[in-house]
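Read the structure below first, then the notes.
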Amino acid sequence: MNKPNNQGYAAIEAKVKASLQRRQRQETRFRLVGVGAVLIALALVASLFGTILSKGLPSFWQATFEIDVHFDPEIVQIGPKPVQASGESPAQFKERDMAWQMDLGFVDFSQLLVNAIAKHIPAAADSPRDAIALITSGEAFALRDRIVADPSIVGKTVKLKLLADANVDVWLKGNIDRSLPDDRQQLSAQTREWADKLYADGVIKNSFSTAIFLNTDSRSSLAAAGLAGAFMGSLMMMIIVILLAVPIGVASAIYLEEFAPKNRITDLIEVNINNLAAVPSIVFGLLGAAVFILWFKLPMSAPVVGGLVLTLMTLPTVIIATRSTLKAIPPSIREAALGIGASKVQATMHHVLPLALPGILTATILGVAQALGETAPLLLIGMSAFVSAVPATPFDQSTALPVQIFLWQGNELRNFFEGRTSAAIIVLLALMLSLNSMAIWLRKRYETRW
Amino acid sequence: MNNFTVAIALLVLAALAYQMGLVRGRGVASLAGPRATHSRPGYHGALAILRAALPAFAIYVLWVIFGNQIVHTLVLGTIPIEFLPQDAMQQKVLLQRLANIATGFGVLGEAQPYEMAAADAMRHYQGLGQVLVAALMATVAALGLFWSWRTTTAETRARNKVERAINIALIFCSAVAILTTVGIVMSMLGESLRFFQMISPSDFFFGTVWNPRFATTGAEGQSGFGMLPLMGGTLLISFIAMLVAIPVGLMTAIYMAEYASNRVRSLVKPVVEVLAGIPTIVYGFFALVTVGPLLSALGAGIGLDIRATSALTAGVVMGIMIIPFISSLSDDIITQVPKTMRDGSLALGGTKSETIVKVVLPAALPGIVGAILLALSRAIGETMIVVLAAGNSPVLTANPFEAVSTVTVSIVNQLTGDQDFASAQSLVAFALGLTLFVMTLILNVIALVIVRKYREQYE
């Protein structure tokens with residue numbers, strides 16, 4: 001044996017100390033890298049939300065006129081609104097009513113608006129083109145709808161809130177470079193000057209606008225474009241998903257977990273479901289286009305097709321989550337039920353399923369939240385078409401919230417729609433986050449640890 | 001006879017059937033004594049519902065699906081041949097017109113005599129059909145009730161029959177998942193085969209020019225359908241995404257599983273998982289308005305020409321999207337590594353980081369590889385981020401600073417807009433989809449097998 005002397009011990013000790021120091025430095029470094037990774041992930045979440053909120057929140061407030069509009073009978077020359085006479089068939093009445101509305105369509109509503117503005121800026125009467133550019137074009141039709149709703153308004157003066165044009169909004173918020181030369185500005189120099197003056201006088205205010213919630217999408221009147229149609233479309237699809245995916249998914253999870261014999265077929269089904277969960281969503285869109293639209297001849301762009309596609313997409317999620325909930329319920333519960341003479345169906349339906357209910361509910365909500373944000377498959381079944389009406393039935397044309405976001409981000413008026421898109425994203429995220437927190441709350445509230 | 005009244009009638013029928021079965025079940029039970037009866041009265045009730053209400057419901061569903069068609073065919077049959085429009089579109093318009101006359105809504109202009117006659121026929125056939133269907137439903141329901149009433153004895157195995165029905169319903173529900181897969185494969189294969197009749201597979205799989213929009217004239221346009229540029233773009237973007245996601249995701253997972261206190265864990269984990277719940281369209285918008293311009297400005301600062309929408313932008317944002325995916329899967333896998341292995345390493349004097357790098361990670365490696373493969377398959381199939389941020393320019397390039405296009409982007413481009421589903425321009429989307437499906441399927445299967453093996457190893 002080779003015993004080291006004192007000097008040898010010291011050398012080894014020094015060596016060990018050095019290596020220990022090195023190893024501990026390594027340890028610290030490794031740890032710091034870990035902290036760094038976590039910080040990067042958190043910073044990414046923060047910057048994502050920061051971007052969306054900073055761009056989106058201001059656009060819930062829009063430049064809005066608060067102005068007296070006189071429904072001048074000189075301009076609005078229109079007969080009384082037709083009433084269905086006795087003995088008149090609905091088709092005939094409809095024709096007469098259409099003719100009346102057609103007459104109304106010839107009224108120069110813009111003139112009413114120009115006159116209203118001219119009360120504050122007399123010069124506006126001389127160049128109506130510059131004046132009318134201040135107010136978004138849809139408001140002229142809103143005046144018409146007011147008369148249709150209540151013809152007695154003609155001759156009266158009403159204080160109205162009218163949305164300013166999208167470009168006026170952009171100009172007043174400073175979202176466009178004010179020093180750009182005239183030929184690169186969207187508005188004429190005259191209109192811009194008036195916009196500033198009206199804003200200074202308090203006729204135009206930056207006030208909270210409900211247009212984004214209550215209106216449908218619009219191409220002509222950009223400042224009034226809203227999410228109502230898309231929201232309704234999404235809502236219909238979510239109802240279809242809940243009505244179909246939950247019963248089918250839960251039933252199939254129960255069968256696979258509780259009843260199915262363990263053989264190759266159930267093995268195949270299991271592998272198949274796990275795979276379906278990881279199939280790209282766009283493939284489901286192709287399936288929808290081929291099967292529902294090409295083969296079954298269902299209408300394009302309809303929420304019913306979107307709902308079916310999203311159902312197929314959500315199904316694996318619901319099945320997998322329900323199965324894991326069922327797995328977590330201890331066998332003793334089943335055995336106790338079977339032991340006192342319950343059949344297998346009774347044991348499952350009366351004892352296992354009620355215990356699994358909170359977990360199933362949580363899984364369902366998470367699945368629905370995921371389906372709510374899905375865009376790609378909807379594009380393939382034609383839901384990216386421009387639709388300016390709230391769908392009345394699931395067979396009507398419609399868009400969905402995420403698709404509306406996709407459509408708006410591509411709008412040419414970037415200065416306005418960057419904010420509008422962010423606002424729509426805030427609405428979508430708010431819906432999803434509230435669904436998610438509902439799921440978390442349910443899980444916390446009813447969670448049982450066995 | 002609208003859906004609502006039928007629904008009410010069916011519900012009433014079901015309640016009646018249940019009540020009858022219940023009463024009958026109780027009757028036989030009280031005669032035979034509780035020990036000699038096989039099923040509880042409720043099961044007799046449920047069985048009566050299955051025998052009476054279910055067939056009636058099935059008949060109504062068939063009527064809803066096929067009834068209109070039958071009536072329309074009959075009505076069109078009554079119209080004199082000289083007035084009968086030839087093409088289907090005009091027939092539809094005529095039928096709508098007839099329906100308006102028949103319901104009394106009226107039509108504009110004078111209705112022709114033959115139209116009046118046809119509308120009468122329509123009213124007649126509709127009424128007749130409804131009466132027939134209602135009578136049939138009532139008969140079937142009555143027969144079902146009668147059958148139940150007559151055959152109920154103390155020995156009737158009502159429970160087994162009801163449970164059998166439940167079992168069959170459950171099996172049908174499980175079959176939906178299989179049918180979905182079959183549907184995907186059939187529809188993709190069918191449409192792809194139609195595509196490959198126009199364009200040869202070798203041109204599709206190995207062609208290097210993707211330009212389908214302008215190559216509309218069948219055989220001459222073959223050169224426009226090469227998918228290599230798209231595949232190149234897809235792989236390039238996925239590679240960049242993995243470069244971003246693997247280090248950050250894995251290190252986050254390691255830190256959360258091994259170092260973080262419970263407090264930090266419970267705070268940070270949900271926040272990172274928020275990233276996983278955000279819709280991809282939001283990431284796409286984020287890429288477009290924030291990350292793209294930022295990268296472009298950074299590139300300009302160091303003298304690189306980076307386009308705002310490029311493979312790099314799309315890849316980086318896709319990486320961000322995948323971080324929580326990798327981190328939560330790896331976290332689970334790392335926590336599953338048995339504590340004894342760590343203790344062994346620590347007892348031999350290893351530092352924590354040495355334990356992690358030399359013991360825990362090698363043990364967890366198969367699982368982590370599985371997680372990465374799953375993430376990769378998700379990156380390949382991701383659509384909205386690349387639609388918005390990759391720049392949509394299908395060129396074969398390895399330069400991440402240039403705009404590229406991907407398989408998914410092309411699927412969206414080919415199937416949106418006013419294209420005819422029978423043209424090669426639309427059908428190519430299904431061929432691309434099939435390629436995508438097969439690629440992700442292979443990745444998923446490998447990943448699932450690995451993950452499953454790994455689970456078994458430590459369970």
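In table form, for the structure just shown:
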{"item": "Residue list for segment B:83-140, restricted to those being surrounded by fewer than 12 Cβ atoms within 10 Å (Cβ to Cβ) and within 14 Å of chain A (Cβ to nearest Cβ)", "result": "B:A88, B:M89, B:Q96, B:G104, B:G109, B:E110"}
{"item": "Residues located in segment B:251-267, provided they are facing chain A (nearest Cβ under 7 Å) and either surrounded by fewer than 20 Cβ atoms within 10 Å (Cβ to Cβ) or of a type in the set (G, A, S) (or both)", "result": "B:Y259"}
{"item": "Residue check for B:L396: more than 10 Å from every other protein chain (Cβ to nearest Cβ), free of Cβ contacts under 8 Å to residues at least 24 places away in the same chain and out of contact with any strand residue (DSSP E or B) (no Cβ under 8 Å at 6 or more places or on another chain)", "result": "no"}
{"item": "Which numbered condition A:A140 misses (of (1) under 26 Å from A:T216 (Cβ atoms); (2) assigned to a helix (DSSP H, G or I); (3) at pLDDT 85 or above; (4) among the small types (G, A, S))", "result": "(3)"}
{"item": "Number of positions in segment B:423-446 that are over 22 Å from the mean Cα position of the chain (by Cα) and either within 7 Å of chain A (Cβ to nearest Cβ) or assigned to a loop (DSSP other than H, G, I, E, B) (or both)", "result": "1"}
{"item": "Breaking point among (1) surrounded by 13 or more Cβ atoms within 10 Å (Cβ to Cβ); (2) not assigned by TED's automatic domain parsing to the domain that holds A:D68, for A:I204", "result": "(2)"}
{"item": "Segment B:348-374, residues that are farther than 19 Å from B:N444 by Cβ and β-branched (V, I, T)", "result": "B:T351, B:T355, B:I356, B:V357, B:V359, B:V360"}
{"item": "Candidates A:T399, A:T421, A:T393 - the one that is buried (at least 16 other Cβ atoms within 10 Å of the Cβ) and more than 11 Å from every other protein chain (Cβ to nearest Cβ)", "result": "A:T399"}
{"item": "Unique match (being modelled with pLDDT of 90 or more and in contact with a helix residue (DSSP H, G or I) (Cβ under 7 Å, 6 or more places away or on another chain)) among A:L39, A:L32, A:L44", "result": "A:L44"}
{"item": "Hits in segment B:1-34 - residues which are over 24 Å from B:G67 (Cα atoms), under 41 Å from the mean Cα position of the chain (by Cα) and surrounded by fewer than 17 Cβ atoms within 10 Å (Cβ to Cβ)", "result": "B:A15, B:L16, B:Q19"}
{"item": "Failed item in (1) in contact with a Gly (Cβ under 9 Å, 6 or more places away or on another chain); (2) polar (S, T, N, Q); (3) closer than 19 Å to B:G226 by Cβ; (4) not in a loop (DSSP other than H, G, I, E, B), with B:T397 passing the rest", "result": "(4)"}
{"item": "Per-region count, segment A:207-247, residues of a type outside the set (G, A, S) and out of contact with any helix residue (DSSP H, G or I) (no Cβ under 9 Å at 6 or more places or on another chain)", "result": "2"}
{"item": "B:T37 crowded, with 17+ Cβ neighbours inside 10 Å, more than 38 Å from the chain's Cα centre (by Cα) and of a type in the set (S, T, Y)", "result": "yes"}
{"item": "Whichever residue in segment A:274-311 is outside any helix (DSSP H, G or I), more than 7 Å from every other protein chain (Cβ to nearest Cβ) and under 26 Å from B:T406 (Cβ atoms) and, among such residues, is nearest to the chain's Cα centre (by Cα)", "result": "A:S301"}
{"item": "Of all residues in segment B:269-328 being among the aliphatic types (A, V, I, L, M), surrounded by fewer than 18 Cβ atoms within 10 Å (Cβ to Cβ) and within 11 Å of chain A (Cβ to nearest Cβ), the one that is farthest from the chain's Cα centre (by Cα)", "result": "B:L294"}
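Matching residues to (1) under 24 Å from the mean Cα position of the chain (by Cα); (2) surrounded by fewer than 24 Cβ atoms within 10 Å (Cβ to Cβ); (3) outside the structural domain of B:A276 (by TED's automatic domain parsing); (4) hydroxyl-bearing (S, T, Y):
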{"site": "B:K358", "(1), (2), (3), (4)": "no, yes, no, no"}
{"site": "B:M384", "(1), (2), (3), (4)": "yes, no, no, no"}
{"site": "B:A389", "(1), (2), (3), (4)": "no, no, no, no"}
{"site": "B:A398", "(1), (2), (3), (4)": "no, yes, no, no"}
{"site": "B:V407", "(1), (2), (3), (4)": "yes, no, no, no"}
{"site": "B:I411", "(1), (2), (3), (4)": "yes, no, no, no"}
{"site": "B:F421", "(1), (2), (3), (4)": "yes, yes, no, no"}
{"site": "B:L448", "(1), (2), (3), (4)": "yes, yes, no, no"}
{"site": "B:Y454", "(1), (2), (3), (4)": "no, yes, no, yes"}
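The values are calculated or read from the model by the stated rules, or taken from the named source; none is laboratory data. These numbers were taken from a predicted model, which means no experiment stands behind them. Here the Cβ is made from the backbone with ideal geometry for all residues, glycine too, and neighbour counts use every protein chain on show.
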